[in-house]
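The values are calculated or read from the model by the stated rules, or taken from the named source; none is laboratory data. Owing to the predicted nature of the structure, the values given are computational and were not obtained by experimental measurement. Counting neighbours? That spans all protein chains shown, and the Cβs are built from the backbone with ideal geometry, glycine included.
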Amino acid sequence: MNGMECIFSRRSIRSYTGEMPSGAELDQILRAVYAAPVGMGRYDSLHVTVVKNPDYLARLEAAAGAQLGKENYHPLYGAPVLLIFSSVFPGIPTDNSSYSNCAILSQNAALAAVSLGLGACHIWGAIRALNKEPQLLSELNLPEGFVPCCALALGRTQERYEERTVADNRMMTRTME
């Protein structure tokens, strides 16, 4: 699959078989993460946590459900792996590079998953819950000053990626010349 096919085939996968990606597949995805462009080359301001622990994932889902007032809520959709992307925040409200860098890492991982035929889904609600649950947050053993920004659920799926047509007017666009 070439780059454009990968981009036009990517979509959120929300059903997983529960089967773990192979070690080689996870290595490929992490290589894609490491290849991501990062603002000012500040790779030392980023951290990736690969969560495979089913107990931890279940507790994170329960916390997300409790915060939203939804019992039996499963925002990880049964994915056996969650990549959590964290960053150091510079303390300047107008500097959004921390979130942007993490989002780029996550998108590189998602595109790598598509190319490998693995399911992937960007996860935001569980990260919100994680940042409000000190015990879950502490279990990540993040370096001092790092905060989880976004995550990507990963796993085997029976769904297939197919190239799709995307409308040119999907969002407002203005060209300034």
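Scanning the range 58-69 for residues that are small (G, A, S) and part of a helix (DSSP H, G or I) yields A58, A62, A63, A64, G65, A66. Among the conditions (1) touching a strand residue (DSSP E or B) at 6+ places or on another chain (Cβ under 8 Å); (2) free of Cβ contacts under 8 Å to residues at least 60 places away in the same chain, the only one that A62 does not satisfy is (1). With respect to the conditions (1) among the β-branched types (V, I, T); (2) within 12 Å of the chain's Cα centre (by Cα); (3) within 22 Å of G65 (Cα to Cα), I104 falls short on a single one, namely (3). Among residues of the range 104-121 that are more than 14 Å from E25 (Cβ to Cβ), those with a Cβ under 8 angstrom from a residue that is polar (S, T, N, Q), sequence gap 6+ or separate chain, pair up as C121/S12. V38 - would you say it is among the β-branched types (V, I, T) and over 24 Å from P134 (Cβ atoms)? Yes. Of the residues making up the range 34-59, those that are over 21 Å from A103 (Cα atoms) and in contact (Cβ under 8 Å) with a residue 60 or more places away in the chain are Y56, R59.
Scanning the range 20-57 for residues that are assigned to a helix (DSSP H, G or I), at pLDDT 95 or above and of a type in the set (G, A, S) gives G23, A24, A32.
If the requirement is being among the acidic types (D, E) and surrounded by fewer than 16 Cβ atoms within 10 Å (Cβ to Cβ), which of these qualifies: E144, E133? Criteria check complete, one pass: E144. Could you look through the range 54-71, keep only residues that are touching an Asp or Glu at 6+ places or on another chain (Cβ under 9 Å) and not hydrophobic (A, V, I, L, M, F, W, C), and pick out the one that is surrounded by the most Cβ atoms within 10 Å (Cβ to Cβ)? Result: G65. The single condition among (1) farther than 19 Å from L137 by Cβ; (2) exposed (fewer than 14 other Cβ atoms within 10 Å of the Cβ); (3) without any contact (Cβ under 8 Å) to a residue 24 or more places away in the chain; (4) not charged (D, E, K, R) that H74 does not satisfy is (2). A count restricted to the range 15-60 and to residues that are among the charged types (D, E, K, R) and within 15 Å of the chain's Cα centre (by Cα) stands at 2.
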